[in-house]
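The values are calculated or read from the model by the stated rules, or taken from the named source; none is laboratory data. For clarity, every value in this text was computed on a predicted model and none was experimentally measured. Quick reminder, even Gly has a Cβ in these numbers, built from the backbone with ideal geometry, and neighbours come from all protein chains shown.
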Amino acid sequence: MLNVGVIGLGGIAQKAYLPTYATMQDQVQWYLDTRDLSKLTKLANQYRLTAAGTDLAALDNLHLDAVMIHAATSAHYALVKHFLEHDVNVYVDKPLATTKEAVQELYLLAAQHRKLLTVGFNRRFAPMIADLAQLPDKNVIQVVKNRVASPQPAGEAIFDLLIHPLDTALALADFPAAPTARYSMHADKDGNLEQATVSFAAQGMRVEAGINMVAGANLEEATVSTTHGVYRVQDLSRLEAYTEAGLTTTQAPDWAPTLETRGFAPLVRAFINAVTNQTDNPVAPESSRITHQLLADMVAQLH
């Protein structure tokens, strides 16, 4: 059985990860860690997981096989570096870091210590996105995330939100090496980002990823056009296929948990399996570097 630490118990951990961890206790001994003692006690009791403590030393003393980092983005670099230097496999929420230099340094450190560094790009593991990725003869890929009245500072929006559709689009395009991207951005009078788009060409495909922070609805769509049809996934749970035969609509099964449909549970299982069996990283470092580099280049253009 693996010993795995969990550091950071905020919203993303509570919604997307702790319910998954609770179902895997036959494979993993989970150890929760957060600075907030009352939150630690409450969540450990709620999910029947072990409370490790309120600081890094509590996890360091456990001789962990892996750690799941769900802390704020600003803490990712220091935490990832700490655990890799302690020879612990690392899973961390996206983004890994917000500069190309930091991303490169951490992946090199993981390679030096021969440990996994897996970034939580859950959409790659969402079943319907995986189905789109397998389509042959793709020629246009468009992924957009719409939010209602949510303008926010540009750098923050790019790394917090644009990262989702961009990585999905790159995955659907099979991660072309060093794509030459074009960026477009629109801000409101206060300088907050309203829309942003990344577009590039790859292997005969036109690829576009974007966010609209002032849309009339919260909706995420991934559309793949091929020579034999157009296929659209909405909110990771509804697939529309337009072909010569007409429109076919498929919904995620009612019995399928949301964390399965959204890819979180499959990704966690893939990471735990890779640690257990010492197999390849389920989120290839080179693919992750491409996503982070395009985002960093876009932020650099803002300045």
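Please specify each residue of the range 164-182 satisfying the condition of being in contact with a Ser or Thr (Cβ under 9 Å, 6 or more places away or on another chain), more than 22 Å from ASP131 (Cβ to Cβ) and surrounded by 17 or more Cβ atoms within 10 Å (Cβ to Cβ).
Scanning the range 164-182 gives a single hit, ALA181.
Got a sec? Which of ALA44, ALA51, ALA58, ALA13 is on the phi < 0 side of the Ramachandran plot, crowded, with 16+ Cβ neighbours inside 10 Å, not assigned by TED's automatic domain parsing to the domain that holds GLY155 and not in a helix (DSSP H, G or I)? Give the derivation first.
Numbers: ALA44 fails: not in a helix (DSSP H, G or I); ALA58 fails: not in a helix (DSSP H, G or I); ALA13 fails: not in a helix (DSSP H, G or I).
So the residue among ALA44, ALA51, ALA58, ALA13 that is on the phi < 0 side of the Ramachandran plot, crowded, with 16+ Cβ neighbours inside 10 Å, not assigned by TED's automatic domain parsing to the domain that holds GLY155 and not in a helix (DSSP H, G or I) is ALA51.
Scan the range 62-79 and tell me whether some residue there is in contact with an Asp or Glu (Cβ under 7 Å, 6 or more places away or on another chain), closer than 15 Å to VAL4 by Cβ and assigned to a loop (DSSP other than H, G, I, E, B).
Initial filter on the range 62-79 (in contact with an Asp or Glu (Cβ under 7 Å, 6 or more places away or on another chain)): 69-70.
Adding the requirement that they be closer than 15 Å to VAL4 by Cβ leaves 69-70.
Among the residues that remain, those that are also assigned to a loop (DSSP other than H, G, I, E, B) are: 70.
Yes, because at least one residue in the range 62-79 is in contact with an Asp or Glu (Cβ under 7 Å, 6 or more places away or on another chain), closer than 15 Å to VAL4 by Cβ and assigned to a loop (DSSP other than H, G, I, E, B).
Any chance you could count how many residues in the range 47-58 are in contact with a helix residue (DSSP H, G or I) (Cβ under 8 Å, 6 or more places away or on another chain) and either in contact (Cβ under 8 Å) with a residue 24 or more places away in the chain or under 23 Å from MET24 (Cβ atoms) (or both)?
To start, the set of residues in the range 47-58 that are in contact with a helix residue (DSSP H, G or I) (Cβ under 8 Å, 6 or more places away or on another chain) comprises 47-54, 56.
Pick out the ones that are also either in contact (Cβ under 8 Å) with a residue 24 or more places away in the chain or under 23 Å from MET24 (Cβ atoms) (or both) and you get 47-53, 56.
The number of residues fulfilling the criteria is 8.
Only one of these is farther than 30 Å from MET24 by Cβ, surrounded by 14 or more Cβ atoms within 10 Å (Cβ to Cβ), not aromatic (Phe, Trp, Tyr) and not assigned by TED's automatic domain parsing to the domain that holds VAL90: ALA252, ALA215. Name it. Lay out the reasoning, then the answer.
On the way: ALA252 fails: farther than 30 Å from MET24 by Cβ.
Answer to the selection: ALA215.
Looking at (1) more than 17 Å from the chain's Cα centre (by Cα); (2) farther than 21 Å from ALA130 by Cα; (3) not β-branched (Val, Ile, Thr), find the lone condition where GLN142 falls short.
Only one criterion is unmet by GLN142, namely (2).
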